[in-house]
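Some notes on the structure that comes next.
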Amino acid sequence: MLLSAQGGTRQLEINLIKVPMAYIDLLKTWYVKQAGFDQSGRYEVFYYSIEDKTGDISPVKRSIVYKQKAGNTGPNTFSLLSPANGSTSTKTVSIFTWDPAVDPNGDAVTYNLLIAKDSAFQNMVYRQEGITVPSAFLVPAGFVDGATSLEDQITYYWKVEAVDAYGAHIDSKESWHFTTNNTNSIPGIVYGIVLSDLDASRIASAVVTLNGNPVQSMADGSLMLLADAGTTTLSGSKSGFQDASLPAVTVQSEESTRVTLTLHSLAGDYHAPTITGTPGSSVTAGKAYNFTPTVTGSNLLFSIVNKPAWAAFDTKSGQLTGTPTTVDVGTTGSIVIGVTDGVTPVFLTAFDLAVSTSDTTAPSAKLDVDGNSKVDATDGVLILRRLSGASTIDTGVVLPSGQNNDSVISAINALGAALDIDGSGKVDATDGVLILRRLSGASTIDTGVVLPSGQNNDSVIGAIDGLSGKGQ
């Protein structure tokens, strides 16, 4: 039977051949004799039972049946990789990996993962069939005899069968054992696929990193990683594609989280959206907060994760606004603003936003970001570099003892919305240019700069001088 796309969104009826089963009382077995397996290959069989008095239907079960092919040769032998043989620290939530099995006839190969409590595999606890890549994590449907997960502090044995398209199969070179140990914590699973934005094709061998641990996507673009519970960022890279990341990926202990990571192809005319900007990290209760990111792209839709309860967010512009009260004093952590064109999602770096009862920044010399006790052009250079999006801003700058690139960036970030010199509602490179010109001694600093309505050269200089400690 062949299903073909008809356009639109709907369900296609599957007219499977239905064959009644007979019961052999002596063997306590149901069986079916069915002609029609004419071609060599792999068949899927679905079966269920109907209670003759009530008409109740049991859940549908699925089995795989193969018809052998004359002269067929099975897959070559292969080895297990992890969990390592004899491991005593394997979590009850784990990923199993093995070498790919190569079929000498070029046939597609699938795998069956078997786990038992004995080396003879008589006391089976898990069997998963039809795995298409040499890696798997345990799913509820694979457990047998009422089990729902592996037990802690138990020794298990595992092996893998490789099966070709005609049922010829071979076991892994070895069967290994491991002992579960859930000391400290039980991780979760992050799995999914890596796609190209150009044609939605799957990307093999992309480097996917989670919590500093890199893995490669498999031949079919799938990815599979273990991660501690919490919120983290998943990133991916591949030659010929623009790096991408998914912030705020939530991982739950003993649970699996599915993700789709889309990489922007550098081929073709498509241009993925971009988003930049430095949101203010603090606001005083009773004062207005306003941040709008700078973006490129078309047909954009904005999103936010962990929006402060007192703030409003515009999904059409990405603007975050609001005026907190004293009830809102505290910090909202890991706020992430993103935008997508329906193909590629991009995000700003996660930031914290603190509400305080008063302005806690020192009343003078706020722009002394290098900590040398004077406000000068060097501070202006460092601020401009940071507001232009750089993460390494101390190149060619001699910093005072005890200061480094990270400490200067922290000092700049701490200024938050105070760096919105031109009053545009966002902190960006334009503010950096104005600051550098003033700290370099200029008295006319708005040349070539379009200021918002109500702002002029003098008002901007006043804002900068106020942060520089002049006239305090």
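The values are calculated or read from the model by the stated rules, or taken from the named source; none is laboratory data. Please read these numbers as outputs of a predicted model, since none were measured by experiment. Don't worry about glycine lacking a Cβ; one is built from the backbone with ideal geometry, like all the others, and counts go over all protein chains shown.
Laid out as a table, the results:
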| read-out | value |
| --- | --- |
| Those residues of the stretch 251-273 which are within 26 Å of S391 (Cα to Cα) and either surrounded by fewer than 15 Cβ atoms within 10 Å (Cβ to Cβ) or acidic (D, E) (or both), in sequence order | L266, H271 |
| Where a residue in the stretch 184-199 is on the phi > 0 side of the Ramachandran plot and its partner, wherever it lies, is buried (at least 18 other Cβ atoms within 10 Å of the Cβ), with Cβ under 6 Å and at least six apart | G192/L223 |
| Unmet requirement for T260, which otherwise passes all of (1) assigned by TED's automatic domain parsing to the domain that holds K316; (2) more than 21 Å from T332 (Cβ to Cβ); (3) hydroxyl-bearing (S, T, Y); (4) touching a strand residue (DSSP E or B) at 6+ places or on another chain (Cβ under 8 Å) | (1) |
| Test result for V93, assigned to a loop (DSSP other than H, G, I, E, B), of a type in the set (A, V, I, L, M) and under 33 Å from the mean Cα position of the chain (by Cα) | yes |
| Some residue of the stretch 456-469 being buried (at least 17 other Cβ atoms within 10 Å of the Cβ), over 30 Å from P308 (Cα atoms) and modelled with pLDDT under 85 | yes |
| Any pair with Cβ under 7 angstrom, 6 or more apart, that starts in the stretch 389-403 at a residue that is over 19 Å from S373 (Cα atoms) and ends at one that is hydroxyl-bearing (S, T, Y) | G389/T276 |
| D420 in contact (Cβ under 8 Å) with a residue 24 or more places away in the chain and either over 25 Å from N456 (Cβ atoms) or crowded, with 16+ Cβ neighbours inside 10 Å (or both) | yes |
| From Y111, Y157, Y126, residue being at pLDDT 95 or above, assigned to a strand (DSSP E or B), over 31 Å from the mean Cα position of the chain (by Cα) and surrounded by 15 or more Cβ atoms within 10 Å (Cβ to Cβ) | Y157 |
| Every residue from the stretch 289-305 that is under 26 Å from S388 (Cβ atoms) and of a type outside the set (A, V, I, L, M) | Y289, N290, F291, T292, P293, T294, T296, G297, S298, F302, S303 |
| Those residues of the stretch 428-444 which are more than 38 Å from the chain's Cα centre (by Cα), surrounded by fewer than 20 Cβ atoms within 10 Å (Cβ to Cβ) and closer than 20 Å to T378 by Cβ, in sequence order | S440, G441, A442, S443 |
| Filtered residue count, the stretch 203-218, keeping only those that are without any contact (Cβ under 8 Å) to a residue 12 or more places away in the chain, assigned to a loop (DSSP other than H, G, I, E, B) and closer than 17 Å to P134 by Cβ | 0 |
| Scope the stretch 250-282; condition within 16 Å of the chain's Cα centre (by Cα), over 17 Å from A200 (Cβ atoms) and not in a loop (DSSP other than H, G, I, E, B); matching residues | T250, V251, S256, T257 |
| Residues of the stretch 283-299 satisfying the condition of being out of contact with any Phe, Trp or Tyr (no Cβ under 9 Å at 6 or more places or on another chain), in a loop (DSSP other than H, G, I, E, B) and buried (at least 16 other Cβ atoms within 10 Å of the Cβ) | A285, T292, G297 |
| The stretch 41-90, residues that are farther than 17 Å from H169 by Cα, in contact with a Phe, Trp or Tyr (Cβ under 8 Å, 6 or more places away or on another chain), outside any loop (DSSP other than H, G, I, E, B) and at pLDDT 90 or above | L81, S82, S87, T88, T90 |
| Some residue of the stretch 136-149 being surrounded by fewer than 16 Cβ atoms within 10 Å (Cβ to Cβ), outside the structural domain of T257 (by TED's automatic domain parsing), assigned to a strand (DSSP E or B) and among the charged types (D, E, K, R) | no |
| Candidates G371, G425, filtered to the one that is at positive phi, in a loop (DSSP other than H, G, I, E, B) and either modelled with pLDDT of 90 or more or under 32 Å from the mean Cα position of the chain (by Cα) (or both) | G425 |
| The stretch 76-94 residues that are loosely packed, with under 13 Cβ neighbours inside 10 Å, paired with ones that are hydroxyl-bearing (S, T, Y) (beta carbon under 8 Å, 6 or more apart) | S79/S172; T88/T179 |
| Residue within the stretch 432-439 that is part of a helix (DSSP H, G or I), more than 25 Å from G322 (Cβ to Cβ) and touching a residue at least 60 places away in the same chain (Cβ under 8 Å) present | yes |
| Residue selected from the stretch 440-472 under the condition aliphatic (A, V, I, L, M) and in a loop (DSSP other than H, G, I, E, B), by the criterion nearest to F291 (Cα to Cα) | L451 |
